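Remarks on the structure that follows.
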Amino acid sequence: MKDNVSMQGLTRARRALSVVVALIVALCIAGCGANASSGSSSQMSSQTSSSSASSAVTTASLSSWTKDSQSLKKLTDFVSAATDESSKDYIPVEDRIAVFDLDGTLMCETYPWCFEYMVFADYALNNPNYKAPEDIKAVAQEIVDSAWGKKPEKMSTRQAQAGAIAYKGLTPAELEVYVTKFKESKAEGFSGMTRGQAWYKPMVEVFEYLQANDFDVYVVTATERNVVRAVVAGTLNIDPSHVIGTEYGYTATGQGDEADGDYTFKVGDKVVFDGTYAGENAKTCKVDAIAREIGKQPVLAFGNSSGDAAMLNYALSENAHPSAAFMVLADDTEREYGNAEDAAKDRESWEKAGYTVFSMRDDFATIYGDGVKKEPVA
């Protein structure tokens with residue numbers, strides 16, 4: 001009997017221990033599940049917070065635009081559809097190509113002329129390390145003398161040709177140093193900013209907004225490529241390969257009169273400008289350059305003048321993807337040097353061509369930012 005009682009007690013004890021162990025295991029599992037659930041909730045909260053932060057950044061990045069700008073909405077609607085995989089207007093990331101003109105589209109071209117004119121004039125007339133030939137000096141002086149007046153005839157071509165000669169013998173890095181220093185000079189016609197700060201804030205925001213939405217963005221301009229590379233540095237976050245512009249010729253310092261196809265670049269040689277000019281990168285030349293250097297048709301194009309129309313038309317012409325084109329209209333006479341009469345003609349022409357117009361007067365809440373004002377000029 002005693003043995004039977006002892007065995008029964010032992011059995012009950014084992015059963016009780018099993019129940020306790022089972023309860024402990026169940027509690028552990030529940031605890032782990034609660035922690036996992038808590039972690040999942042925390043992660044979801046973090047993702048929601050991150051998503052909200054991302055939305056806030058997108059909103060903030062377009063804060064220089066007027067509230068309810070319909071022109072901006074056309075762009076954001078386009079981007080929303082292009083990045084939505086469920087949309088019929090979705091564009092694969094690899095085909096999201098956007099091209100921007102520079103002067104008058106992204107940055108000021110009225111101090112009193114575009115940056116390229118002014119840096120060339122300064123180099124030819126004021127650089128103590130360069131003695132300009134009389135014909136080069138004459139072009140530079142004509143730029144200065146025509147300030148705030150009528151643009152001299154064929155000045156774009158004549159300035160580019162003169163610039164090629166003036167910069168002959170410089171390395172691209174040496175030209176960059178000069179341009180970078182010139183960016184620190186006062187933006188004539190404005191108080192509160194230097195030439196290097198004279199960017200249209202709303203358009204820089206658009207540039208960054210597209211990059212944030214996985215668009216591959218290029219600057220395609222009539223300004224010389226190396227000058228532009230120096231100008232955009234510190235403002236636009238793009239690789240130098242994404243700058244397409246007017247071309248000056250190059251040579252190697254040890255090359256002499258030998259042709260490129262006959263001369264082998266040697267260790268110790270430097271690449272310098274050779275004084276030649278390949279023609280202005282304007283109108284259909286921009287289309288040619290895009291086809292040659294990008295190899296894809298852009299789906300978005302931005303400009304401000306007839307010199308950009310070919311590039312915008314290229315984006316709109318028989319595109320395999322949805323596409324759109326935008327023109328910046330210089331119609332603000334209070335904060336900038338717009339011309340109302342010319343602007344009215346441009347708007348009519350551009351809208352007829354199928355471009356969306358960005359009005360500096362109506363769509364830009366600010367042009368250059370706080371503290372910058374247009375000031376009287378002589």
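Computed from the coordinates by the stated procedures, all read-outs in this text should not be read as laboratory data. Computed from a predicted structure; not experimentally measured. Counting neighbours? That spans all protein chains shown, and the Cβs are built from the backbone with ideal geometry, glycine included.
I'm trying to understand the selection: among the residues of region 141-154, which are surrounded by fewer than 18 Cβ atoms within 10 Å (Cβ to Cβ) and either at negative phi or among the β-branched types (Val, Ile, Thr) (or both)? Of everything in region 141-154, those that are surrounded by fewer than 18 Cβ atoms within 10 Å (Cβ to Cβ) and either at negative phi or among the β-branched types (Val, Ile, Thr) (or both) turn out to be Gln141, Glu142, Val144, Asp145, Ser146, Ala147, Gly149, Lys150, Lys151, Pro152, Glu153. Comparison of Asp84, Asp77, Asp89, Asp68 shows that the only residue that is surrounded by fewer than 16 Cβ atoms within 10 Å (Cβ to Cβ) and outside any loop (DSSP other than H, G, I, E, B) is Asp77. Considering only region 96-107, I want to know if a residue exists there that is hydrophobic (A, V, I, L, M, F, W, C), more than 23 Å from the chain's Cα centre (by Cα), closer than 22 Å to Tyr167 by Cα and not in a strand (DSSP E or B). Within region 96-107, none of the residues are hydrophobic (A, V, I, L, M, F, W, C), more than 23 Å from the chain's Cα centre (by Cα), closer than 22 Å to Tyr167 by Cα and not in a strand (DSSP E or B). Taken together, Gly261, Gly245 contain a single residue that is small (Gly, Ala, Ser), more than 11 Å from the chain's Cα centre (by Cα) and under 26 Å from Met360 (Cα atoms), which is Gly245.
I want to confirm something. Restricting to region 299-341 and keeping residues that are over 17 Å from Thr76 (Cβ atoms) and hydroxyl-bearing (Ser, Thr, Tyr), which single residue is surrounded by the most Cβ atoms within 10 Å (Cβ to Cβ)? Walk me through it before giving the result.
In the first step, residues of region 299-341 are kept if they are over 17 Å from Thr76 (Cβ atoms); the result is 303-321, 327, 329-341.
With hydroxyl-bearing (Ser, Thr, Tyr) added as a condition, the list becomes 305-306, 314, 317, 333, 337.
On the way: Ser305: 17, Ser306: 12, Tyr314: 22, Ser317: 11, Thr333: 14, Tyr337: 17.
In this case the residue turns out to be Tyr314.
Pairs linking a residue in region 72-85 that is farther than 13 Å from Ser61 by Cβ to a residue that is of a type in the set (Lys, Arg) and outside any helix (DSSP H, G or I), with Cβ atoms under 7 Å and 6 or more positions apart or on different chains, are Ala82/Arg96.
Anything in region 351-378 that is assigned to a loop (DSSP other than H, G, I, E, B), farther than 24 Å from Ser61 by Cβ and out of contact with any Ser or Thr (no Cβ under 7 Å at 6 or more places or on another chain)? List them, or say none. Show your work before the answer.
Restricting attention to region 351-378, the residues satisfying the condition of being assigned to a loop (DSSP other than H, G, I, E, B) are 353-355, 360-363, 365-372, 375-378.
Narrowing further to those that are farther than 24 Å from Ser61 by Cβ: 353-354, 375-378.
Within region 351-378, Ala353, Gly354, Pro376, Val377, Ala378 meet the criteria.
The residues of region 265-282 that are out of contact with any Lys or Arg (no Cβ under 6 Å at 6 or more places or on another chain) and among the small types (Gly, Ala, Ser), listed by number, are Gly268, Ala278, Gly279, Ala282.
Can you pull out the residues in region 245-267 that are among the aromatic types (Phe, Trp, Tyr) and part of a loop (DSSP other than H, G, I, E, B)? Please lay out each step first, then the result.
To start, the set of residues in region 245-267 that are among the aromatic types (Phe, Trp, Tyr) comprises 248, 250, 263, 265.
Result: Tyr263, Phe265.
Within region 102-140, if we keep just the residues that are within 30 Å of Thr333 (Cβ to Cβ) and hydroxyl-bearing (Ser, Thr, Tyr), the residue that is surrounded by the most Cβ atoms within 10 Å (Cβ to Cβ) turns out to be Tyr117.
Meeting the requirement of 3 or more residues that are in contact with a Leu (Cβ under 8 Å, 6 or more places away or on another chain), the strands (runs of 3 or more DSSP E) wholly within region 268-350 are 300-303, 324-329.
Just the residues that are among the aromatic types (Phe, Trp, Tyr) and part of a helix (DSSP H, G or I), please, taken from region 149-208. Please lay out each step first, then the result.
Within region 149-208, the subset among the aromatic types (Phe, Trp, Tyr) is 167, 178, 182, 190, 199-200, 207.
Hits for region 149-208 are Tyr178, Phe182, Phe207.
One residue alone among Ile136, Ile143 is part of a helix (DSSP H, G or I), within 29 Å of Gly369 (Cα to Cα) and hydrophobic (A, V, I, L, M, F, W, C), and that residue is Ile143. Among residues of region 194-215 that are without any contact (Cβ under 8 Å) to a residue 40 or more places away in the chain, those with a beta-carbon under 9 Å from a residue that is buried (at least 19 other Cβ atoms within 10 Å of the Cβ) and not hydrophobic (A, V, I, L, M, F, W, C) at least six positions away or on a different chain give the pairs Thr194/Lys183; Gly196/Lys183.
Considering every residue within region 199-214, establish whether at least one is in contact with a helix residue (DSSP H, G or I) (Cβ under 8 Å, 6 or more places away or on another chain), surrounded by 16 or more Cβ atoms within 10 Å (Cβ to Cβ), closer than 30 Å to Lys270 by Cβ and among the β-branched types (Val, Ile, Thr). Within region 199-214 (the criterion being in contact with a helix residue (DSSP H, G or I) (Cβ under 8 Å, 6 or more places away or on another chain), surrounded by 16 or more Cβ atoms within 10 Å (Cβ to Cβ), closer than 30 Å to Lys270 by Cβ and among the β-branched types (Val, Ile, Thr)), the answer is no, since none of the residues qualifies. Within region 342-353, take every residue that is among the hydrophobic types (A, V, I, L, M, F, W, C) and surrounded by fewer than 19 Cβ atoms within 10 Å (Cβ to Cβ) and give me the one that is farthest from the chain's Cα centre (by Cα). Looking at the filtered set, the residue picked out is Ala344.
The set of residues in region 135-157 that are closer than 10 Å to Ala121 by Cβ and in contact with a helix residue (DSSP H, G or I) (Cβ under 8 Å, 6 or more places away or on another chain) comprises Lys137, Val139, Ala140, Gln141, Glu142, Ile143, Val144.
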